[in-house]
1. Just to verify a result, which residue in segment A:497-507, among those that are surrounded by fewer than 21 Cβ atoms within 10 Å (Cβ to Cβ) and touching a strand residue (DSSP E or B) at 6+ places or on another chain (Cβ under 9 Å), is farthest from A:PRO470 (Cα to Cα)?
2. I'm trying to understand the selection: among the residues of segment A:594-620, which are in contact with a Phe, Trp or Tyr (Cβ under 6 Å, 6 or more places away or on another chain) and modelled with pLDDT of 80 or more?
3. Return yes or no: is A:VAL99 open to solvent by 10 Å² or more (accessible area, probe 1.4 Å), more than 30 Å from A:ALA288 (Cβ to Cβ) and in contact with a strand residue (DSSP E or B) (Cβ under 7 Å, 6 or more places away or on another chain)?
4. What about A:LYS88, is it farther than 25 Å from A:PRO171 by Cβ and of a type in the set (Lys, Arg)?
5. Among the residues of segment A:400-410, write down those that are open to solvent by less than 20 Å² (accessible area, probe 1.4 Å) and facing chain B (nearest Cβ under 10 Å).
6. Which of the residues belonging to segment B:353-367 are surrounded by fewer than 22 Cβ atoms within 10 Å (Cβ to Cβ), assigned to a helix (DSSP H, G or I) and in contact with a Pro (Cβ under 9 Å, 6 or more places away or on another chain)?
7. Only one residue in A:VAL252, A:VAL267 is away from chain B (no Cβ under 14 Å), open to solvent by less than 10 Å² (accessible area, probe 1.4 Å) and in contact with a strand residue (DSSP E or B) (Cβ under 7 Å, 6 or more places away or on another chain), so which one is that?
Amino acid sequence: MPTVGVKRDLLFKALGRSYTDEEFDELCFEFGLELDEITSEKEIISREQGDTKASGASDVILYKIDVPANRYDLLCLEGLVRGLQVFKNKLEVPRYKRVSPLSGEPQKLIITKETEAVRPHAVAAVLRNITFTQERYDSFIELQEKLHQNICRKRSLVAIGTHDLDTISGPFTYTAKRPGDISFKPLNQTKEYTATQLMSLYKTDSHLRHYLHIIEDKPLYPVIYDSNGVVLSMPPIINGDHSKISLKTKNVFIECTATDQTKAKTVLDMMVTMFSEYCAQPFTVEEAEVVYPDGKTCIYPELAYRKEKLSGKFINQKVGINESTEKIAHLLTRMCLLSQATGAGDEIEVEIPPTRSDIIHACDIMEDAAIAYGFNNITRTTPRTYTVANQFPLNKLTELLRQDLAAAGFTEALNFALCSQEDIAEKLGKKISEMRAVHISNPKTAEFQVARTTLLPGLLKTIAANRKMPLPLKLFEISDVVLKDETKDVGARNSRRFCAVYYNKSPGFEVIHGLLDRTMQLLEVKPARGEGYHIQTADDSTFFPGRCADIFVRGKNVGRLGVLHPDVINRFELTMPCSALEMDIEPFLGHTAETPLTRDVPMKEVIKHRFPTRDESQQSAHSRLTSTKTVFGDVSTQVGLEALSDFLADKSYIEGFVASQADMIVFDAIPSPPSPTLCHLWRWYNHINSFQTDRARLPSAKSRYVLPATPLATPNDASDEEDIDLFGSDDEAESAEVARIKEQRLAEYAAKKSKKPALIAKSSILLDVKPWDDETDMSKLEECVRSVSMDGLLWGQSKLVPVGYGIKKLQIGCVVEDDKVGTDMLEEAITAFEEYVQSVDVAAFNKI
Amino acid sequence: MADTGVLETLLQRVEKVDDGVDSLAVATSLGVDHQVIVGAVKSLQALGDVISAELRSSKHWELTEEGTEIAEQGSHESRVFSCIPQEGLAQSELMKLPFGKIGFSKAMSSKWIRVDKAHEGGPRIFRTVESIDDQVREKLLLVQKGHSTQLEEKEKNELKKRKLLSEVGNWKEKKFKPYNFEAMGVAPDCGHLHPLMKVRTQFRQIFLEMGFTEMPTNNFIESSFWNFDSLFQPQQHPARDQHDTFFLSDPAHAHEFPQDYLERVKKVHSEGGYGSQGYKYDWKIEEAQKNILRTHTTAVSARMLYKLAQQKFTPVKYFSIDRVFRNETLDATHLAEFHQIEGVVADYGLTLGDLMGVLHQFFTKLGITKLRFKPAYNPYTEPSMEVFSYHEGLKKWVEVGNSGVFRPEMLLPMGLPEDVSVIAWGLSLERPTMIKYGINNIRELVGHKVNLQMVYDSPICRNPPTHF
């Protein structure tokens, strides 16, 4: 969890009030932050380097605040204050705008193809007319550092460079060169170095040496030049000294180079949204143009606002609250997610700003609503989940055995599952190659080289550490060892072992043997060859020759016992004789009537689970809606619902005395949950809802309750819908147009509806048709697509949308009659034009 | 402390003889209580190698009432013998005598007399020997005269069994030095369970009481796929770093995955789906194949939930308490391996309020009733909550666990129904155990550097610690 240090007084000034430490801690807690420490620079230095060094340091009080790892927008004072002020209803969430430069052309960053092999992505933006103060400047630098450490994964994914734009002149070139060919004066140095020299210079730099490995072994190093050949930076290591920003800097050029394009965009958005606050035009960011090696251009920063629609019911149900749609919209707005009830049922439209890259699913929005509601204001409820508890049989056996082994006078030890190779091999007089041990590739010390294959070394080490204790020492452990096993999906498995040792002035084989006898008695195995257990001389380099035996149970070797070899005892720094026993306990599991859980998962799926496209999954809740016309009347109207409610006044189900498909059919016809005022219907609706998951198993309906929907319009009539813009567009001017058309359409629809009593179920579909490459003739492609004709299919508007690398996809709308045309048919028909079409995806699917 | 006069006298007496003196004799001769001498001996012993003392026990025997009677009049069997005339005696007559019954059987077993059952007028008894030697009486007379040492232990025990002799029971009247009830008793010779395992047993019990089924967590080696990818933890996540996770060099890779599921996981990471934007990065199978030491038992929960999705869904409650491994910096409270306690509930329509309710019940069983929840972040749960409890001692809220609702991006690709929610929480076993047993350094609790005395001394765990 990243920790952000802010000066307390500065924070309170920005928040517009002061808090006691407890009050602020409380506010943090509620918002999901943690006031980790209250300290000062002086205190930190004195703690780390001693009082003398700290004498001159500032004793301004610092708050160290822990921020959730996915909230990059809270990594600086500016973001924290903005988040908290909006949360406290003291500030409206600002709207971040990308603007074109007042004077003509935007700054350009040209990427050459040489960067491909080392760090292929770059984005850029300009903060124009910014005013720095010492605090703002410090915060600006600190945010870069925090982003570098977190989302940028220590600069490996993204590196940020910030430059005084007035010291350099575009267009800028992002290229990659041989280290020997790069030469510049790096930040805070007095002379020029080649990149090769820099790498050795920074080998000893406590800060920069951690980043060297990212490019060290590459033949070419990434570098950014301005039009005069001035080096801006050599990402991800260091910026040039020439363009360094200072308190006087007015215009900042920000570049982010990356191995991950998505993260680069997020990081750039974060930098500019946080600090555009200090621009002459607050919250505006001047765009920059990035030119790709293929000549394609893109404008950054993206500052994309995304809109999501979800229902109030969804939030209420997931959180376990019961709030009005408006209230929920308000809660979300307090979390910087500008939201409003759309008026369509309990639908809420949520706008996700560019600062909230952490919101990737409706559940993230739901969480924010819960936070704003206050986790601790939610009523704690008990789920009614009925289950029967089962113990894992192996653990049950272990628990029972442990109790009785302690009763037998042995003391339980608990040792690490990881150890050194030496512990399980050389020290026991074995070769590591003979052990079926699992090896760790990145141990920090020898203690973590392998997973143990035997419990014995742990017990011997426990004795060695407790030599002062009175003799005899009698220890046992029942725990897992790890063995390689090709038959398992991961190539290894655990094995549950029982190990015991007896350490005294005499070897005490009889004691350990007696413990074996007792164990077998506990496990109900009789001493006998064949069906019982017996021991039999064995050769094992861990044990004293002739003092070792294999344990056989029902003819199967399950372990070994004996007197340890003196060399083994010495290697574990012990001085007295010792006898030991180690055996598997899994063979004693026995049978249970219940089916125990096992860790192995089926590798082949019997049930077909499909991966839905994004829009399908959003639509799925609505897609089962067919017709609202029922024998009780139109259940989308109050009259219809009342009739149904009356019908249910003295009935539990639509048909008979058990739930059936008849209930399901009528249930599906009801567009949204009925109001509790229709008490009979409400009761029935909730009851039937509980059958949803088992609906397929319900008995079929005897009569027909839902009538087919009458057509919305005949195909001929539909032609006047062709000019409807089917694409949701972010452009405000366009959306006004859409709204107008929508209204018009609704009016027409109403007019038609009044004339025609029944409707045909229709859907508008938006298809993404992707070509093979940038050379595909898109007009030909469109021609082909439009040539597809089916009964009940009408093509609508289309447009070309850039995908990247000069490739554009065709986005084309159509209206289909659900009964006649399916998306599968459409996709099949279009992909048949193999020459042009690479793929077809349904981008949007809406019921009309 | 015995007075120095007795000490000196005692030393002088011991010095005079070669084979020591009898403390009782000394006491008698000095005319002091025996306990005074015992005290003097103990004081001298405490000085070190001054004297050696050995414990001797002597028994004093005396005749019982019956024994006294026999010493005077002879044993029952001898009296039977002597009252039988040459012509014999009817058995019925003999039995009328007070000593008849016992004397008859003893005389019979000594073969002093015989019974003629066929004799007319009922069974009649005759002498079989001329004279007898009444040893019982003689032995008793010896004892009576204070020469009991001349008898063998066996003989005395025989007489004791016949209730003729008794060990002197006058300790009832004797005065003893009072016990020091402040002192400790002797520790019983026994084995002990490890304190961490005792606490584990209790946590296990709590889950079982709450109807949770135990998951099979006996697989320390896990693929990155199940440990991270299936949980929607992106491949560049810091937890997947070399600095945090133990990777394996042998066996380096897992070789088998449910392919259809893997494809869905890949898609949801790289492209999104199920209503998610996804993480939009290039998901690589090579990363997912890497074998690791599992970093949490949630990897097993993922397997269990996936299996659950492959059959008709039924609600489940699962738990586990087992080892997990982190390649982290070690300190007094952190080891590279520790035990994770985890609870999972999967059912239709579970809410965040339900999660809080279950946590409340769980922690109430631990004796913790004041709980509150802080929003947190975890890559595979949303919402995520840190659980805090009010620490009465510290007078502040302390974190006791982590919890959340599993993300749809984790559950839906597994194939679980859309309206099923899965709530989960976790905590470490070591932390509460260290607090319960007052241990500051985790190495004294777990691993070979454990202090066995601590293990011997640790109390039972009725309730896991009432505060962490």
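The values are calculated or read from the model by the stated rules, or taken from the named source; none is laboratory data. Predicted model, so just to flag it, every value in this text is computed and none were measured. Note that each Cβ is placed from the backbone with ideal geometry, even for glycine, and that neighbours are counted across all protein chains shown. Quick note on the areas: whole protein, heavy atoms, side chains included, nothing else; ligands and nucleic acids left out. Shrake-Rupley method; radii C 1.70, N 1.55, O 1.52, S 1.80 Å.
1. Filtering first and then ranking leaves A:PRO507.
2. A:VAL601
3. Taking the combined requirement at face value, the residue does not satisfy it.
4. Yes; evaluated as a whole, the condition is true for this residue.
5. Across segment A:400-410, the qualifying residues are A:ARG402, A:LEU405, A:ALA406, A:GLY409, A:PHE410.
6. B:GLY357, B:LYS365
7. Every option except A:VAL252 fails the conditions.
Each row is one residue, and each column tells you yes or no for (1) among the polar types (S, T, N, Q); (2) under 32 Å from the mean Cα position of the chain (by Cα).
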site	(1), (2)
B:SER276	yes, no
B:LYS284	no, no
B:ALA288	no, no
B:LYS307	no, no
B:ASP322	no, yes
B:VAL345	no, no
